[in-house]
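**Student:** Submitted below is the structure of interest, expressed as structure tokens.
Bear in mind these aren't lab numbers, they're just calculated from the coordinates by the rules spelled out. Only a predicted model underlies this, so the values are computations on that prediction, with no experimental measurement involved. All Cβ positions, even for glycine, are placed from backbone atoms using ideal geometry, and neighbour counts span all protein chains on display.
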Amino acid sequence: MNVKERFKLAKEQYEEWGIDVEEALEKVKQVPISIHCWQGDDIAGFEVDQQELSGGIDVTGDYPGKATNPEELRKDIDKALSLIPGKHRINLHAIYAETNGEKVERNELKPEHFQNWIDWAKERGLGLDFNPTLFSHPKAADGLTLSHPDAEIRQFWIDHVKASRRIAEHIGKELGTPTLTNIWIPDGYKDIPSDRLTPRLRLKDSLDDIFSDEISKEYTIDAVESKLFGIGSEAYVVGSHEFYMGYALKNDILCLLDSGHYHPTEVVSNKISSLLCFSDQVALHVSRPVRWDSDHVIVFDDELREIGLEIVRNDALDKVKIGLDFFDASINRVAAWTIGTRNMIKSLLYASLMPNDKLKQWQDEGNFTERLATFELFKTMPFGAIWDYYCELAGVPVENEWMKDIHEYEKTELSKREA
């Protein structure tokens, strides 16, 4: 039975529940996912004096074929995009600047250093998002940046973030779609601090200085990202969830939720609706923690499905900016992008094929038996047939075919790269 025949039979089953399958396909088609460039080179970047990875971030594995220059990285992203349905965005860090062999400090970066990325994105009709890089640098060696007690070091990082926002504004203007500029810092302490307040006040002052620069909201969207702990900051992180949620809501910027940045018993899916009560938009970095913030490739698990459900059933597809943030060097990196991004899209399609109105009604009526039984029923509905049809419509390989492209790309491209 071919893809269209399986789709027809599956569609009939969903339609028995009053679900408009064609409408669901069209709805998901409109949602761009911001795909992180740093999966392709293990967050190395292209700085002239490339630093060892730091800031509580670790990438494990040495699978062959890592991108070692901008051309290879963009080529790998192109390959991944050819296997992912829909039109998406690419998320850059400041360390992916191209300076033609010249050493340019991060606080001196300019839009011209990202022109190759802009031209590449423009040619493909892609949007770009941006992140200042406040790690893997001598001035962040002690794990402190915007909250540093040394005013000169704080100013360096303030200037870097200001430069990043100007770059993002330029990118958004060039591409005709606003660039999400997300600030994450590694600041924290390994052991119990003797003063929690002062570093947070310094961080607040630094952010106030950064956002005092007037940047066009037509071309940029500002976001701040929290974390519970990191390697080397196990006891205390300055930019906690409470700090950034308060700062974001008070200053009308986005609070970005990373699904790996919370206690193992906390889930981002439960936080989305809370923020939507008070903020017009929310940003996500979807990752998969295994025991800690380990940034595993996202799989189609319960939490990913819940994230998709929270976005779709609350009519928030245009309110939640979905980005990805995982990195795995133990498997083929192009496959990692493909697996993770396809799974993120699957979660949105899965949620769009649920009888969400009925489920909400049963909850309000206290009919929890019907609700639970229906949740369980839909876990075995023929979702795979709908997904394969969606992929075929988008001109990308169906679920049991795309790995053939990965094997071929590994043979013709990745295997020829030097380790």
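**Student:** Would you please give the residues with an amide H less than 5 Å from that of residue 288, counting only those at least 5 places away or on a separate chain, with H modeled from the backbone geometry?
**Tutor:** 295, 296
**Student:** Percent relative contact order of the chain, based on C-alpha pairs within less than 8 angstrom and at least six residues apart?
**Tutor:** The value is 21 percent.
**Student:** On alpha-carbon atoms, Rg over Rh for region 287-419 using Kirkwood Rh?
**Tutor:** 1.05
**Student:** Now for a separate question. How big, on average over all directions, is the shadow cast by the Cα convex hull of region 201-263, in nm²?
**Tutor:** That works out to 5.0 nm², a quarter of the Cα hull's surface.
**Student:** Now for a separate question. Give, in whole angstrom and from largest to smallest, the semi-axes √(5λ) of the equivalent ellipsoid of region 1-118, with λ running over the eigenvalues of the Cα gyration tensor.
**Tutor:** 41, 16, 13
**Student:** Between residue 30 and residue 190, 0.36 nm times their residue separation minus their Cα-Cα distance comes to what?
**Tutor:** Value of the extension gain: 53.3 nm.
**Student:** Now, a different point. May I ask you to give the average projected area over all directions of the convex hull of the Cα atoms of region 221-333, in nm² rounded to one decimal?
**Tutor:** The directionally averaged projection comes out at 7.7 nm².
**Student:** Take every DSSP beta bridge with both residues inside the chain and express the antiparallel ones as a percent of the total, to the nearest 5.
**Tutor:** Roughly 15 percent of the beta bridges in the chain run antiparallel, per DSSP.
**Student:** Just want the ordering: 341, 220, 374, from fewest to most Cβ atoms lying within 10 Å of their own Cβ.
**Tutor:** Lowest count first: 374, 220, 341.
**Student:** If you don't mind, another one. Could you give the length gained by full extension between residue 17 and residue 87, i.e. 0.36 nm per residue of separation minus their alpha carbon distance, to one decimal place?
**Tutor:** That works out to 22.3 nm of additional length.
**Student:** Could you compute the net charge surrounding residue 287? Neighbours are other residues with a C-beta less than 9 Å from the C-beta of residue 287; K and R count +1, D and E count -1.
**Tutor:** In short, -3.
**Student:** Nearest 500 deg cm²/dmol is fine: what mean residue ellipticity at 222 nm does the chain get from its DSSP H runs of n ≥ 4 alone, each adding -39,500 (n - 2.57), divided by its residue count?
**Tutor:** -13500 deg cm²/dmol
**Student:** Post the alpha-carbon centroid distance, region 112-127 to region 373-400, in whole angstrom.
**Tutor:** Cα centroid to Cα centroid, the span is 33 Å.
**Student:** May I pose another question? Would you give the gap between the C-alpha center of region 275-351 and the C-alpha center of region 174-205, rounded to a whole Å?
**Tutor:** Centre-to-centre (Cα) distance: 22 Å.
**Student:** If you don't mind, there's one more thing I want to ask. Taking the C-alpha atoms of the chain, how large are the radius of gyration and the largest Cα-Cα span, Dmax, in Å?
**Tutor:** That works out to 21.7, 68 Å for Rg and Dmax.
**Student:** Starting with the highest mean, order 138-144, 292-298 by the number of other Cβ atoms within 10 Å, averaged over the residues of each peptide.
**Tutor:** Going by the mean number of other Cβ atoms within 10 Å, highest first, we get 292-298, 138-144.
**Student:** Taking the chain as the reference, fit the longest principal axis to its C-alpha atoms, fit the long axis of helix 383-394 to the helix C-alpha atoms, and give the angle between the two in degrees, 0 to 90, nearest 10.
**Tutor:** On a 0 to 90 degree scale, this one is about 70.
**Student:** So which of 27/250; 162/250; 11/87; 122/217; 11/358; 173/416 end up more than 27 Å apart by C-alpha?
**Tutor:** Over 27 Å Cα-Cα: 27/250; 173/416.
**Student:** Along each principal axis of its Cα atoms, how long is region 92-144 end to end? Whole angstroms, biggest number first, please.
**Tutor:** Computed over region 92-144, the largest-to-smallest principal extents equal 41, 22, 13 Å.
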